[in-house]
Amino acid sequence: MAAAGGDIFCRKACVVVTGASKGLGKSVAKTFASRFPDSSFFILLARSLTDLEKVKAEILEKNSKVKVAVRKFDQGNLDQAIFDTLFDSVFSDFGVTADDFEQSVVVHNAGTLGDNTKYGSQLSDVVTVQSNFDVNVSGTILLNSGFLRKFSNSSKGRLIINMSSLVAIQPIPSFSLYCTGKAARDMFFRVLAAEDPSLRVLNYAPGPCETDMQRACREDTVDRTTKNMFLAMHTEGNTLDCDTSIAKLVELVRLDQYDNGAHVDFFDDIGGHIAKAALNM
Ligand SMILES: NC(=O)c1ccc[n+]([C@@H]2O[C@H](COP(=O)([O-])OP(=O)(O)OC[C@H]3O[C@@H](n4cnc5c(N)ncnc54)[C@H](OP(=O)(O)O)[C@@H]3O)[C@@H](O)[C@H]2O)c1
């Protein structure tokens, strides 16, 4: 159970969403903003400020009582000062403090595919390999630490959601960088959950969702069999709308029954996770 217990959507929250400019992150931002109480505070991060402003406008059009901050943020730019000051600067701009909220939530959604135009044996470019881990792993860890520094009160609910993927636990030809980054992220958050039981931590695999990333899987993938799998998934109508996947995420965090640090997939039976958690109590 989260430190504060109960339905998280009933308590005033500060919610951070990375990669909120489009795709799944946009869906998380809009869905969560429609569920959390008025005067909750949303901090939306991504590189495209223009797209973030559009997401902010869509949120405020539905509910003008939530607060929304948007910040241009490149998770792959590992500048110490950015990670040290990001939340302080947003809080000071909006005149809020961590004490103003009953709970905090961070959704680590920002991510890239790496280079799916090559097999693992062909990854010889230093910049490509390094920048993949900067954005997907190192930047995620550093932002998470900044978040936990800001929300250090362990008596309040602190929920950390990592946007994971099936590829964190299953090798897929052409996706060596992507799979490795996702596996590393899952393990980082599992360790975090083991280190600090006052945190609620979920690695959520959203299933195949119709986004720019999903399109790149269909178009750029070097391995023919993998590429055909993505093409077939699309033509046969087996990809998901982002909002459908995020509705499942909402249900998961609302029920709050998963094992801390668990990897839960969109296609998993939530009831199964509830039963497993109950056995461990
Ligand atoms: N779509 C799927 O089928 C699927 C399946 C499993 C898991 N996922 C995961 O779900 C998450 C979202 O994926 P998506 O499909 O919605 O992808 P997407 O449409 O490509 O969106 C990626 C998001 O990440 C942001 N981003 C990328 N690089 C960034 C950087 N350097 N710094 C900050 N933000 C950055 C992008 O914003 P800017 O470009 O504005 O920076 C965008 O908002 C990813 O972690 C992905 O691995 C997706």
Original post:
Looking only at GLY19, GLY157, GLY95, which one moves most when the chain is put into a Gaussian network model with springs between Cα atoms under 10 Å?
Top reply: GLY95
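Roughly what % of Cα-Cα distances in the range 1-151 sit above 19 Å, to the whole percent? Could the numbers behind the result be given before it?
Numbers: 6232 of 11325 pairs.
So the pairs more than 19 Å apart make up 55 percent of the total in the range 1-151.
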Subject >> Helix 224-235 axis, angle to the chain major axis (alpha carbon atoms, nearest 10°) >> reply: 60
Original post:
Residue separation times 0.36 nm, minus the C-alpha to C-alpha distance between GLN130 and GLU236: what's the value?
Top reply: 34.6 nm
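Two-decimal Rg/Rh of the range 211-268 from alpha-carbon positions, Kirkwood Rh? Write down the numbers at each step before the final one.
Details: Rg = 14.6 Å, Rh = 13.3 Å.
That ratio equals 1.09.
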Original post:
Angle between the Cα long axis of helix 139-150 and the longest principal axis of the chain, 0 to 90 degrees, nearest 10?
Top reply: 10
Subject >> Highest-fluctuation residue, GLN75, GLN257, GLN103 considered, GNM on the chain with Cα pairs under 10 Å >> reply: GLN257
**OP:** Over all directions, average the projected area of the Cα convex hull of the chain and note it in nm².
**Re:** 14.5
Subject >> Phi-based couplings in Hz for the range 6-15 (Karplus 6.51, -1.76, 1.60; Gly and Pro marked x) >> reply: x, 6, 5, 6, 9, 10, 4, 10, 9, 10
Original post:
Karplus couplings for the range 154-159 from phi (6.51 cos²θ - 1.76 cosθ + 1.60, θ = phi - 60°), rounded to Hz, Gly and Pro as x?
Top reply: 6, 7, 9, x, 10, 10
Original post:
the range 140-247: Rg/Rh from Cα coordinates, Kirkwood Rh?
Top reply: 1.06
**OP:** Return the sequence-ordered ³J(HN,Hα) values of the range 31-44 in whole Hz as given by the Karplus equation 6.51 cos²θ - 1.76 cosθ + 1.60 applied to θ = phi - 60°, using x for Gly and Pro.
**Re:** 5, 5, 5, 7, 9, 6, x, 3, 6, 5, 10, 10, 10, 9
Subject >> Over the chain: helical MRE at 222 nm, DSSP H runs n ≥ 4 each giving -39500 (n - 2.57), nearest 500 >> reply: -14500 deg cm²/dmol
Subject >> Leading residue at positive end of dipole, the chain (Cβ point charges), from LEU60, SER21, ALA46 >> reply: LEU60
Original post:
Sequence-distant or interchain residues sharing an amide H contact under 5 Å with LEU240, placed H: which?
Top reply: CYS209, GLU210
**OP:** Name the long-range amide H neighbours of VAL68: under 5 Å, sequence gap of 5 or more, or other chain; modelled H, no Pro or chain starts.
**Re:** PHE42
Original post:
What is the mean projected area of the alpha carbon convex hull for the range 95-186, to one decimal in square nanometres?
Top reply: 7.1
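Here, each number is a calculation from the coordinates, and none is a lab measurement. Bear in mind that the values here come from a model prediction, so they are computed numbers and not experimental data. Ideal geometry is used to build each Cβ from the backbone, glycine not excepted, and the neighbour counts take in all protein chains shown.
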